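**Q** Next up is a structure, given as structure tokens.
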Amino acid sequence: MNLKKINIENKKIRDLIPQVLTVLTLISVIFYFATNAQINMGNRGISFGFGFLSQEASFDIAFSLIEFDGSYSYGRAFLVGLLNTILVSVIGIFLATILGVIVGVARLSDNYLIAKTAEWYVEIFRNIPLILQIFFWYFAALRALPSPENAINFYDISYLTIKGWYIPKFVWINFDIFCYSLILAFVSIYFLYRYAKKQREEFGKILPTFTLSLGILILIPLFSFLLLGVSLTFNYPELKQLSETSYTYENGVSIIPELMALALALSMYTATFIAENVRAGVMGVGKGQKEAAASIGLTKGQILKLVVMPQALRIIIPPTTNQYLNLTKNSSLAAAIAYPDMVLVFAKTALMQTGRAIEIISITMLTYLSLSISISLLMNWYNKKMAIKEK
Amino acid sequence: MNLAYLKPTKEKINTFLLLGSIFVIFAFFDILTNTFLNRNITGFLPQTISFFTPLILGYIGFYLIRIEFSGNRFLDKLNKNINSSNFNAFLTLLILFIIIKAISPLINWLILDANFVGSSKDDCTGNGACWVFIKVWFNRLMYGLYPDVEQWRVNSAFILLFTLVGIAFFVPQKIKKYFIIFLLFVYPFIGIKLLSGGSFGLVYVETAAWGGLSLTFIISAFAILFCFPIGVFLALGRRSSLPAIRYISIGFIELWRGVPLITVLFMAAVMFPMFLPDGTFIDKLIRVLIAITLFEAAYMAEVVRGGLQALPKGQYEAAKSLGMGYWRMNILIILPQALKLVIPGIANTLLALVKDTPLIFVVGLMELAGMIGLAKTNPKWLGMAMEGYVFAGLVFWVICYAMSRYSQNLEKKLSTER
């Protein structure tokens, strides 16, 4: 009896000692670092704090989605960088998904040539470091484009030049009404799907949901154009002579080469990983599933939509979300080619000007960290929801 | 009107085969003369149609030779693999023609029009690549700013490493153990001493001068060496029953996995010195090495955790029932099995590590990509970016492709054993 009690206490103590030791070590290391940091900052005459965020930034940013110049604050500069990061990530994710799905499906093709081409695409672009691909596009490929006066002309609508890609500017009138009409369209499509599901489950009736929703998506915004005074005109880019040898385009929107190089490299690199996920997902659905579906008389389209895709997506989506996250984190390589993303604007330029290494690096890392954690929480929730419910 | 007459059938196989082959051969003849002889034999047609003639002719030809169960083994194989439907035939032709069209300028640029001899930019007279650039800068690309007369030290360090690794593969099991211990615990000190010098009559070479491809290898080797044990400890910590250790491990792993490497490198270069007592100085290369090691260790930990979770509970219970303690259980029973399960994952993490090393240029260390950045901004060699990055991409591709093939082979070998 007595022996047993001692043993239990022994185990408790044995468990406690390493934990206490680890925590104490961690605390002392942090304390050591913090004291040093305080002394160092004291020597340089700065004190820890985030007050600098409201100070005037006094530097310019080459490319920004919101208004910015030197008179705005460091906080605003951070926001510009964050928006640019989000912009290139969204473009990259969009392109990478399209390319990745195409390559992934191509790898499964029964056409030998197509499958091999897709395989070599994956092997080549996956095994070259991303930073080299970015450099290649930015310093080599896009530098070979012509100057503005000899631009590659796409039907007089957009022009590809060494200074960037000029596309028409969208000029909206009553843009908010158009947005409301789009929201209305999506809400009605949602209800249409619910109604169609009910019809299918209760009466066995199958509605042409895809055609109907496409119709809704076109008709409601069209309605807003015709009756509610929404209008859209384009400002086409025009060649303008600055001096004897220097030309530029005006009135359009310019997509800077940094953005193009980054988006191209990110999407081509990430697409290889997405392609592998897609391939694994489609191959993960057993042949018996398709045969069983065919044997109960489903059409080819129905098999794909009702049997293969739901199961394949369950395998594809989690690792692909991970790739989206990787793409977003990799977009920080923008700093290497001077695309003004969060790292370049904030962790480089702003840091150089203010010298506040600790605050700025912490903010940058925390932003990425919170993004990653929120996406992985979302992923866990999705996985739980989608997991096969076994009895 | 009987359209069925036009449908390729087995009965009239000879006619259709002959007709189809003529179309296909003519299509390829057209595109080949177009690409390599610069002569457009369909030039009399309107330009758009002339441009698409090979595609149209080939498409018709492929349609005509698509005969099911023809009995001709070669034809059946061809039809099954590249010509199973109209859409497939179209894609096949498109890919073949794009390859033919792309290969001629590519070979011209890479080899035929390229310049190989000479010693300055003026020797590059052709339209192709200027490989003279790579030739002249080759030493710099390999060794960075390491002094020319001392480069034998880098060479001998690597030759020694590769010989040791090579020997370790072939010696009998008994001695192998000592070889590996030597490689892991003694060789790194020898290698570092050889590279940095400062004693034994070797001239001191500061780490800022290290660079080029050899720096990529040095960083990869050290990061691999250290990130593996740290990763294993973190994985064990994350699976620990002791809450304090578990939460600290989770926090550590998720912190590194949630941020891009570039911010970690900035942290090591700019923020970390602020945390040290005034006057102490840690070499930048070492700071960067620590940053990369910790970063990759977090990824390694997640891979190892996958292996730990995949092991059946019975293994743990059996080990405990034999009276083994925590460390003995893990070292003798759990880890050998778990690590074997995740060898492909480990190989992928190491591959990612090698691909991440060029990033160190953001803090001013010049490995291969960084040296090319330096070389292409040299006033005597402006405009050589394409050659430089193609070369660097090729070098990295060979390394990474070899690694990924090796890991795939390992995976296959292990999966047949099970």
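The values are calculated or read from the model by the stated rules, or taken from the named source; none is laboratory data. None of the values given here were measured: they were computed from a predicted structure. As a convention, Cβ positions derive from the backbone with ideal geometry for all residues, glycine included, and neighbour counts pool all protein chains shown.
**Q** If B:T92 satisfies all but one of (1) away from every other protein chain (no Cβ under 14 Å); (2) free of Cβ contacts under 8 Å to residues at least 40 places away in the same chain; (3) more than 30 Å from B:F133 (Cβ to Cβ), what's the number of the condition it fails?
**A** (1)
**Q** Another question, if that's okay. Given the condition farther than 29 Å from A:V343 by Cα, more than 14 Å from chain A (Cβ to nearest Cβ), modelled with pLDDT of 90 or more and within 27 Å of the chain's Cα centre (by Cα), answer yes or no: does some residue in segment B:288-295 qualify?
**A** No; the residues of segment B:288-295 include none that is farther than 29 Å from A:V343 by Cα, more than 14 Å from chain A (Cβ to nearest Cβ), modelled with pLDDT of 90 or more and within 27 Å of the chain's Cα centre (by Cα).
**Q** Do the conditions hold for B:S50, that is, is it crowded, with 16+ Cβ neighbours inside 10 Å, assigned to a helix (DSSP H, G or I), outside the structural domain of B:M386 (by TED's automatic domain parsing) and of a type in the set (S, T, Y)?
**A** yes
**Q** Might you let me know whether segment A:321-328 holds any residue that is surrounded by fewer than 16 Cβ atoms within 10 Å (Cβ to Cβ), within 13 Å of chain B (Cβ to nearest Cβ) and aliphatic (A, V, I, L, M)?
**A** Looking for residues that are surrounded by fewer than 16 Cβ atoms within 10 Å (Cβ to Cβ), within 13 Å of chain B (Cβ to nearest Cβ) and aliphatic (A, V, I, L, M), one finds none in segment A:321-328, hence no.
**Q** Please find, within segment B:16-42, the residue that is nearest to B:L64 (Cα to Cα) out of those that are polar (S, T, N, Q) and in contact (Cβ under 8 Å) with a residue 24 or more places away in the chain. Before you say what the answer is, go through the steps one by one.
**A** Within segment B:16-42, the first condition is being polar (S, T, N, Q), and the residues that meet it are B:21, B:33-35, B:38, B:40, B:42.
This time we only want the ones that are in contact (Cβ under 8 Å) with a residue 24 or more places away in the chain, so: B:21, B:35.
Numbers: B:S21: 8, B:T35: 26 Å.
Checking each candidate, the answer is B:S21.
**Q** For segment B:61-75, what are the residues that are surrounded by fewer than 16 Cβ atoms within 10 Å (Cβ to Cβ) and either of a type in the set (F, W, Y) or free of Cβ contacts under 8 Å to residues at least 40 places away in the same chain (or both)? Can you show your working first?
**A** Going through segment B:61-75, the residues surrounded by fewer than 16 Cβ atoms within 10 Å (Cβ to Cβ) turn out to be B:68-69, B:71-74.
The answer is B:F69, B:R73, B:F74.
**Q** Condition check: part of a helix (DSSP H, G or I) and either farther than 16 Å from B:L359 by Cβ or touching a Lys or Arg at 6+ places or on another chain (Cβ under 7 Å) (or both). Does A:N322 satisfy that?
**A** Working: part of a helix (DSSP H, G or I): yes; either farther than 16 Å from B:L359 by Cβ or touching a Lys or Arg at 6+ places or on another chain (Cβ under 7 Å) (or both): yes.
Yes: the conditions hold for A:N322.
Per-residue answers, yes or no, for (1) away from chain B (no Cβ under 14 Å); (2) in contact (Cβ under 8 Å) with a residue 60 or more places away in the chain; (3) surrounded by fewer than 19 Cβ atoms within 10 Å (Cβ to Cβ); (4) assigned to a helix (DSSP H, G or I):
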position: A:I17; (1), (2), (3), (4): no, no, yes, yes
position: A:L65; (1), (2), (3), (4): yes, no, yes, no
position: A:F68; (1), (2), (3), (4): yes, no, no, no
position: A:L82; (1), (2), (3), (4): no, yes, yes, yes
position: A:V101; (1), (2), (3), (4): yes, yes, yes, yes
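**Q** Related question: Looking at (1) within 17 Å of B:M386 (Cα to Cα); (2) buried (at least 16 other Cβ atoms within 10 Å of the Cβ), which is the only condition B:L106 fails?
**A** (2)
**Q** Given the structure, is A:S362 over 20 Å from B:F272 (Cα atoms) and assigned to a helix (DSSP H, G or I)?
**A** Working: over 20 Å from B:F272 (Cα atoms): no; assigned to a helix (DSSP H, G or I): yes.
Spelling it out, it is not the case that A:S362 is over 20 Å from B:F272 (Cα atoms) and assigned to a helix (DSSP H, G or I).
**Q** Oh, and also: Which one of these is among the hydrophobic types (A, V, I, L, M, F, W, C) and under 29 Å from A:P129 (Cα atoms): B:I372, B:I333? Reasoning before the result, please.
**A** Numbers: B:I333 fails: under 29 Å from A:P129 (Cα atoms).
That would be B:I372, the only listed residue that is among the hydrophobic types (A, V, I, L, M, F, W, C) and under 29 Å from A:P129 (Cα atoms).
**Q** Mind listing just one residue for me: the one in segment A:137-179 that is under 28 Å from A:T211 (Cα atoms) and free of Cβ contacts under 8 Å to residues at least 12 places away in the same chain and, of those, nearest to the chain's Cα centre (by Cα)?
**A** A:C179
**Q** What's the total number of residues in segment B:76-89 that are within 10 Å of chain A (Cβ to nearest Cβ) and surrounded by 15 or more Cβ atoms within 10 Å (Cβ to Cβ)? Explain how you work it out, then say what you get.
**A** Within segment B:76-89, the subset within 10 Å of chain A (Cβ to nearest Cβ) is B:77-78, B:80-85, B:87-89.
With surrounded by 15 or more Cβ atoms within 10 Å (Cβ to Cβ) added as a condition, the list becomes B:78, B:81-84, B:88-89.
Matching residues across segment B:76-89 total 7.
**Q** Just to be sure I understand, how many residues within segment A:107-122 are without any contact (Cβ under 8 Å) to a residue 24 or more places away in the chain and part of a helix (DSSP H, G or I)? Spell out how you get there, then give the answer.
**A** As a first pass, look at segment A:107-122 and keep what is without any contact (Cβ under 8 Å) to a residue 24 or more places away in the chain: A:109-117, A:119-120.
Then keep just the ones that are part of a helix (DSSP H, G or I); that gives A:112-117, A:119-120.
The total comes to 8.
**Q** Looking only at segment B:242-272, how many residues end up being farther than 19 Å from B:I230 by Cβ, over 28 Å from the mean Cα position of the chain (by Cα) and either more than 9 Å from chain A (Cβ to nearest Cβ) or surrounded by fewer than 17 Cβ atoms within 10 Å (Cβ to Cβ) (or both)? Talk me through it step by step, then tell me what you get.
**A** Initial filter on segment B:242-272 (farther than 19 Å from B:I230 by Cβ): B:243, B:260, B:262-263, B:266, B:269-271.
Within this subset, residues satisfying the condition of being over 28 Å from the mean Cα position of the chain (by Cα) are B:243, B:270-271.
Checking the rest, the ones that are also either more than 9 Å from chain A (Cβ to nearest Cβ) or surrounded by fewer than 17 Cβ atoms within 10 Å (Cβ to Cβ) (or both) come to B:243.
The total comes to 1.
**Q** If I filter segment A:128-159 down to residues being under 30 Å from A:F170 (Cβ atoms), small (G, A, S) and out of contact with any Leu (no Cβ under 8 Å at 6 or more places or on another chain), which single residue comes out as farthest from the other protein chains (Cβ to nearest Cβ)? Let's see the steps before the verdict.
**A** Keep residues of segment A:128-159 that are under 30 Å from A:F170 (Cβ atoms), which gives A:134, A:137-138, A:141-159.
Then drop every residue that is not small (G, A, S), which leaves A:141, A:144, A:147, A:151, A:158.
Filter once more, so that each one left must be out of contact with any Leu (no Cβ under 8 Å at 6 or more places or on another chain): A:141, A:144, A:147, A:158.
Working: A:A141: 8, A:A144: 8, A:S147: 15, A:S158: 22 Å.
Selected residue: A:S158.
**Q** Still on this structure: Quickly run through segment A:246-286 and pick out the residues that are out of contact with any helix residue (DSSP H, G or I) (no Cβ under 9 Å at 6 or more places or on another chain), outside any strand (DSSP E or B) and among the β-branched types (V, I, T).
**A** Once the filter is applied, which keeps residues that are out of contact with any helix residue (DSSP H, G or I) (no Cβ under 9 Å at 6 or more places or on another chain), outside any strand (DSSP E or B) and among the β-branched types (V, I, T), segment A:246-286 yields only A:I256.
**Q** So B:F396 ticks every box in (1) more than 24 Å from B:E206 (Cβ to Cβ); (2) at pLDDT below 90 but one. Which box is left unticked?
**A** If we test B:F396 against (1) more than 24 Å from B:E206 (Cβ to Cβ); (2) at pLDDT below 90, just (2) comes out false.
**Q** Next up: Quick check on segment A:337-349: of everything there that is in a helix (DSSP H, G or I) and surrounded by fewer than 23 Cβ atoms within 10 Å (Cβ to Cβ), which residue is farthest from the other protein chains (Cβ to nearest Cβ)?
**A** From segment A:337-349, those in a helix (DSSP H, G or I) are A:337, A:342-349; that's our starting set.
Still in the list and also surrounded by fewer than 23 Cβ atoms within 10 Å (Cβ to Cβ): A:337, A:348-349.
Working: A:I337: 11, A:K348: 8, A:T349: 12 Å.
In this case the residue turns out to be A:T349.
**Q** Can you tell me which of B:L265, B:L311, B:L294 is at negative phi and in contact with a Leu (Cβ under 7 Å, 6 or more places away or on another chain)?
**A** Values: B:L311 fails: in contact with a Leu (Cβ under 7 Å, 6 or more places away or on another chain); B:L294 fails: in contact with a Leu (Cβ under 7 Å, 6 or more places away or on another chain).
Testing whether each residue is at negative phi and in contact with a Leu (Cβ under 7 Å, 6 or more places away or on another chain) leaves just B:L265.
**Q** Only residues in segment A:353-377 that are at the interface with chain B (Cβ under 10 Å from one of its Cβ atoms) count as the first member; pair them with residues that are surrounded by fewer than 15 Cβ atoms within 10 Å (Cβ to Cβ) and assigned to a helix (DSSP H, G or I), Cβ under 8 angstrom, at least 6 apart or cross-chain, and list the lot.
**A** A:G355/A:R44
**Q** Of the conditions (1) in a loop (DSSP other than H, G, I, E, B); (2) within 14 Å of another protein chain (Cβ to nearest Cβ), B:E68 fails just one. Which one is it?
**A** (2)
**Q** Look through segment A:32-63, keep the residues that are assigned to a helix (DSSP H, G or I) and of a type in the set (G, A, S), and return whichever of them is nearest to the other protein chains (Cβ to nearest Cβ).
**A** Kept after step one, since they are assigned to a helix (DSSP H, G or I), are these residues of segment A:32-63: A:32-44, A:51-54.
From what's left, of a type in the set (G, A, S): A:34, A:37, A:42, A:51, A:54.
Details: A:A34: 8, A:A37: 5, A:G42: 10, A:G51: 18, A:S54: 22 Å.
Checked segment A:32-63; the qualifying residue nearest to the other protein chains (Cβ to nearest Cβ) is A:A37.
**Q** Next question. State all residues of segment B:197-230 that are surrounded by fewer than 18 Cβ atoms within 10 Å (Cβ to Cβ), among the hydroxyl-bearing types (S, T, Y) and out of contact with any Lys or Arg (no Cβ under 9 Å at 6 or more places or on another chain); if no residue qualifies, say none.
**A** B:Y204
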